1. What angle, in degrees between 0 and 90 and rounded to the nearest 10, separates the Cα long axis of helix 137-153 from the longest principal axis of the Cα atoms of the chain?
2. For segment 83-182, what are the per-bin percents of Cα-Cα distances with bins 10 Å wide, up to the bin holding the maximum?
3. Using the count of nearby Cβ atoms within 10 Å as a rough guide to exposure, how do 115, 78 rank from fewest to most?
4. Normalised radius of gyration for the chain, please: alpha carbon Rg relative to 2.2 N^0.38 Å, two decimal places.
5. Name the residue, out of 174, 134, 75, whose mean-square fluctuation peaks in a Gaussian network model built on the chain with Cα pairs under 10 Å.
6. Taking a temperature of 4 °C and a viscosity of 1.567 mPa s, what whole-number D in µm²/s does Stokes-Einstein yield for segment 36-126 with Rh from Kirkwood over alpha carbon pairs?
7. Determine which residues of segment 58-81 fall in the zone a paramagnetic label at residue 120 would reach in this model, i.e. backbone nitrogen under 19 Å from the point 7 Å along Cα→Cβ.
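What follows draws every value from the coordinates through simple rules; no lab data is involved. Since this is a predicted model, take the numbers as computed values, not measurements. In this analysis, Cβ positions are derived from the backbone assuming ideal geometry, glycine residues included, and neighbour counts consider all displayed protein chains.
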């Protein structure tokens, strides 16, 4: 009798444990779904912000000056639907002079690879709507990344330059970024073709790097 009682109690306890686990699972599952949904919504919102660069007002100003935006230029340059972007949501890490309150996804340069007449090329296009296209440490890292990848696969690098030069708020970090870009220009020389397009009021390091490339094109009236 004692054995039967213990067995019955054991089965009852097992049913209680299973029931509790099932209830807990039912509670957890909607929570996971909600988290995933919220994350997707947040990611899509960030992507939309990245596509606008410095915002619609600055895009309109760019157009009024007779200039296209960084993304519009890439859209015209590359074969339709071929562009694959890198580091779209990357931002600078400067926390001085109020810069921690001013962060834009992409940090003023659109980078990636695409096709021109079916041939792979690596590209970077500076976005004048974000801090005047000025170069930060992060901005430089993005440019260096596409140059490294171009050298790895033996593809040309095309730079669309529209920049006010170094981002003064970052001081020597910005200047160090230019040093890194110049080094990549030297390493890529004779290895892959380097082409530069001067499309805006480029100053300082923004023209030192193009001067080290193989071909330079300047846009009349805007460069």
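1. Roughly 90 degrees between the two axes.
2. 17, 50, 26, 7, 1
3. Working: 115 15, 78 20.
By the 10 Å Cβ count, ascending, the order reads 115, 78.
4. So the Cα radius of gyration is 1.51 times the expected 2.2 N^0.38 Å.
5. 75
6. Working: Rh = 14.6 Å.
It diffuses with D of about 89 µm²/s by this estimate.
7. Zone members listed by number: 78-81.
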